[in-house]
Amino acid sequence: MQSTAVKIADEPADEPLKLQAALESSINFRLRMAQILAYKSFEAVTPDHSGAARYLGLLSIVCENPGMPQHRLAEAVGLQRSSLVPILDRMEKNGVLERRAVDGDRRANAVWATPHGEAIVADLSDKANKVEAQTLAGFSDEEVELLRAMLDRVITNLRAL
């Protein structure tokens, strides 16, 4: 098994920080490290979108499902409705989506991407695909499909908790 020792910025590169045995073998730790590094890599190639990059997945779902109720969107991305509201507030303020009342239920809102939001998704999706290609460099097509399938199982298991 490869070491996941973390390098500290102020130390020489040949002296990585040692991890406790529990972290060294933890899949959750590795998933979190991969997520952090993937996010940083993506943000590095999208500096002109001032934070929009972090919401690409959410905005992509909205583009593909116009008029989706907020509560369904929250479920789709694994957030509590109360956690999603401030994110949608920011996105609406930035002009990438709009919310409208659901017919027949004044308390519920549905979400639509604006033309500006759709343009951002198109631009960021291209950049995300390039970062993903770099992330998966050296993997065969079969390995990529296996990784996707395994991650889907992890997500399913975690949603069942």
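Descriptive notes on the structure:
- Qualifying residue in segment 88-104 (condition: in contact (Cβ under 8 Å) with a residue 12 or more places away in the chain and loosely packed, with under 12 Cβ neighbours inside 10 Å): yes
- There is no residue in segment 72-85 that is under 16 Å from residue 131 (Cα atoms), touching a Leu at 6+ places or on another chain (Cβ under 9 Å) and surrounded by 14 or more Cβ atoms within 10 Å (Cβ to Cβ).
- Candidate set: segment 20-43, residues that are hydrophobic (A, V, I, L, M, F, W, C) and modelled with pLDDT under 90; chosen: the one farthest from residue 155 (Cα to Cα): 21
Results for (1) assigned by TED's automatic domain parsing to the domain that holds residue 27; (2) on the phi < 0 side of the Ramachandran plot; (3) part of a helix (DSSP H, G or I), shown as yes or no for each residue.
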position	(1), (2), (3)
85	no, yes, yes
91	no, yes, yes
98	no, yes, no
109	no, yes, no
116	no, yes, yes
120	no, yes, yes
138	no, no, no
145	no, yes, yes
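- Meets criteria (over 16 Å from the mean Cα position of the chain (by Cα) and among the β-branched types (Val, Ile, Thr)) for residue 121: no
- Filter pass, residue 155 being touching a Phe, Trp or Tyr at 6+ places or on another chain (Cβ under 8 Å) and either not in a helix (DSSP H, G or I) or not basic (Lys, Arg) (or both): no
The values are calculated or read from the model by the stated rules, or taken from the named source; none is laboratory data. As the structure is a computational prediction, the values presented were derived from the model and not from experiment. Neighbour counts run over all protein chains shown; Cβ positions are idealised from the backbone, glycine included.
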